[in-house]
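Visitor: Submitted below is the structure of interest, expressed as structure tokens.
FYI, it's all coordinate maths here, none of it is from the lab. Fair warning: this is a prediction, and the values are worked out from it, not measured in the lab. Note: ideal-geometry Cβ built from the backbone for every residue, glycine included; neighbour counts use all protein chains shown.
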Amino acid sequence: MDSQTQSGFSLIEVLIALTIIGIIASIAIPNHLASRRAANEASAQQSLRLLNSAEVTYRSTVGKGLYGTVSTLAHWNLVDGVLSSGSKNGYNFTTGDEPAASTTGFVMAAAPVVIGGVNATGTREFCIDQTGVLTKKAATSQTVATSCAGFTVVGN
């Protein structure tokens, strides 16, 4: 007599395993998305600090006392091509012929590409001007600000 054994998982065991995987995924995915948003916001803040440094460098070297536009800063290799393109890591930035060249000031800003929902790339807008103070506010638009009015200091 030959005895045959069958081994493997029963349907119930497979369904239990899939249920456990689903529960773990439902916990992990929102945390991953929140981490991605936080990383995008940190990148936007650092990019604005870089733009501020580029403005100060430009003004004190080749700018002859004038702050420059983003295009000018890119031309002098003070900012990279990705940042000067106007979009980086889920944020839109001041770009092109903005801000207007001035001896007295400039405004650089960043706004999330997607504001609400699961795919939000950020929840706050950021702004920096000639004072060098980085400011924030709750995101209300995908268009970058042209003034830091209504923003509060980051960290407060």
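Visitor: Below 8 Å, C-alpha to C-alpha, sequence gap of six or more: please give me the relative contact order for the stretch 11-153 in percent.
Guide: Value for the stretch 11-153: 20 percent.
Visitor: Something else about it: Work out from phi, with θ = phi - 60° and the Karplus expression 6.51 cos²θ - 1.76 cosθ + 1.60, the ³J(HN,Hα) of each residue of the stretch 51-61, listed in order in whole Hz, and give x for Gly and Pro.
Guide: Values per residue, Gly and Pro as x: 4, 4, 4, 5, 4, 4, 5, 4, 4, 8, 10 Hz.
Visitor: Report the Cα centroid-to-centroid distance between the stretch 73-94 and the stretch 96-155 in angstrom, as an integer.
Guide: 14
Visitor: Continuing with this model, one more query. What FRET efficiency comes out for the pair Val62/Ser102, r = Cβ-Cβ distance, R0 = 25 Å, nearest 0.05?
Guide: 0.95
Visitor: Quick one: if you take sqrt(5λ) for each eigenvalue of the C-alpha gyration tensor of the stretch 24-156, what semi-axes come out, biggest first, whole angstrom?
Guide: Each semi-axis is √(5λ); the values are 29, 15, 12 Å.
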